[in-house]
1. Using the 4.7 Å Cβ rule, please list in number order the cysteines from the chain without any candidate partner.
2. Pull out the extension gain between K217 and K104, defined as 0.36 nm times the separation in residues minus the alpha carbon to alpha carbon distance; nm, one decimal.
3. List the extent of the Cα atoms of segment 118-187 along each of their three principal axes, largest first, rounded to whole Å.
4. Kindly provide the helix-only [θ] at 222 nm of the chain, computed as the sum of -39,500 (n - 2.57) over DSSP H runs of four or more divided by all residues, to the nearest 500 deg cm²/dmol?
5. In what sequence do T42, T258 fall when counting other Cβ within 10 Å, fewest first?
6. Give me the number: length gained by fully extending D232 to S204, i.e. 0.36 nm times residue separation minus the C-alpha to C-alpha distance, one decimal in nm.
7. Roughly how big is the chain's charge dipole about its Cα centre, with Cβ charges of +1 (Lys, Arg) and -1 (Asp, Glu), in debye to the nearest 20?
8. Given q = 0.13 Å⁻¹, what are the Debye log10 I(q)/I(0) values for segment 3-298, with equal point scatterers placed on the Cα positions and solvent ignored?
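Just so you know, all these numbers are worked out from the coordinates, no wet-lab data involved. Here the structure is a predicted model, which is why all the values come from computation and not from measurement. Ideal geometry is used to build each Cβ from the backbone, glycine not excepted, and the neighbour counts take in all protein chains shown.
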Amino acid sequence: MSLIDNYGRPLTHLRISITSLCNYNCFYCHLEGIEKVNDLLTPNEIGIIAYAASALGIRKFKLTGGEPLLRPDIVDVVKEIASIKPLDLGMTTNGYYLDNLANKLAEAGLMRVNISLPSLNPNKFRVVTGINGLSRVLKGIKAAINAGLNPIKINYVVLKGINDDEFWNMIEYARSIGAILQVIELEPIGISRDVFMKYYISISVFEKMIKEKAVKKIIRYSLHARPVYTLDNGAVVEFVRWFCNPKFCMHCTRLRLTPDGKLKTCIINGDEVDLKYALRPIPKLNLIKKLIIKANYLRKPYNKLSI
Ligand code: SAM
């Protein structure tokens with residue numbers, strides 16, 4: 001049984017940010033809506049929170065950052081969560097360190113991975129990320145496939161005038177490696193209004209083009225009611241469109257955990273509940289559960305239906 005919030009939405013997912021550090025310097029990054037922090041939860045503390053969450057019906061976990069692969073103890077973090085037998089354990093990563101780590105992560109219990117890929121053009125890739133790393137990331141993606149992580153999703157945040165002309169190339173690349181392309185609309189978090197106004201482009205236009213060609217459509221009601229289309233050549237394209245989209249929030253099923261142990265209820269307008277004092281000096285499982293229940297009741301949709 002899942003917890004249900006005041007808007008009738010079940011709570012089934014926990015997105016766990018394990019560091020605020022990143023080796024990239026993407027000018028559009030929302031930083032998962034968190035400040036830079038130093039006092040990180042240990043793998044064991046993350047495992048205890050996941051255990052408490054699991055007892056409350058939260059069985060799907062996604063690791064994120066900053067860049068999660070920068071944590072030297074990343075394999076231990078994965079092992080801790082895998083030990084509670086989740087229904088899903090994924091990670092979103094920039095892929096830069098994946099080549100060496102993919103096998104170890106899969107062995108530790110990671111099931112699947114989302115890899116950020118802002119461009120297939122090495123120069124544009126460098127302009128966006130500040131890193132000359134495209135070929136290394138492409139190697140990392142291959143390593144993830146070879147390690148059996150499945151599905152592989154390619155995260156493509158569409159930026160006007162930078163990579164919006166790569167839409168079809170991105171679809172073809174993802175198809176050619178058997179991955180799902182996740183087309184993500186730019187969110188106005190962690191960036192200035194000027195940057196948002198300059199690079200924001202609605203992805204509805206892209207979705208319309210795909211919808212017309214698709215041979216199959218499913219809706220991921222389990223998270224944000226994201227539409228997923230299949231084309232006749234086998235390409236699979238998922239759309240993550242938050243802007244003025246009440247369905248996105250109506251089907252939000254998650255809480256977020258910050259690297260220093262706070263539960264956030266929404267990336268855009270979230271309240272926070274601090275779990276740290278329930279973890280230290282010794283973990284108090286019942287109190288952690290009570291705080292998760294409290295955070296669930298604080299969840300509220302950002303985009304609301306207007307009647
Ligand atoms: N470093 C990891 C990565 O690259 O996947 C995890 C953190 S990153 C913040 C998580 C995802 O958020 C990435 O797919 C990234 O492209 C996406 N993202 C970053 N800033 C965004 C923004 N302003 N709007 C929408 N998505 C964004």
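1. Singleton cysteines: C22, C244, C249, C252, C266.
2. Difference between extended and current length: 37.2 nm.
3. That works out to 35, 23, 21 Å along the principal axes.
4. Using -39500 (n - 2.57) per qualifying helix, the result is -9500 deg cm²/dmol.
5. Working: T42 13, T258 23.
Least crowded to most crowded, the residues run T42, T258.
6. Extra length from D232 to S204 when fully extended: 8.0 nm.
7. Details: 43 positive and 27 negative charges, 152 e Å.
The dipole magnitude comes to about 740 debye.
8. Log10 of I(q)/I(0), two decimals: -0.92.
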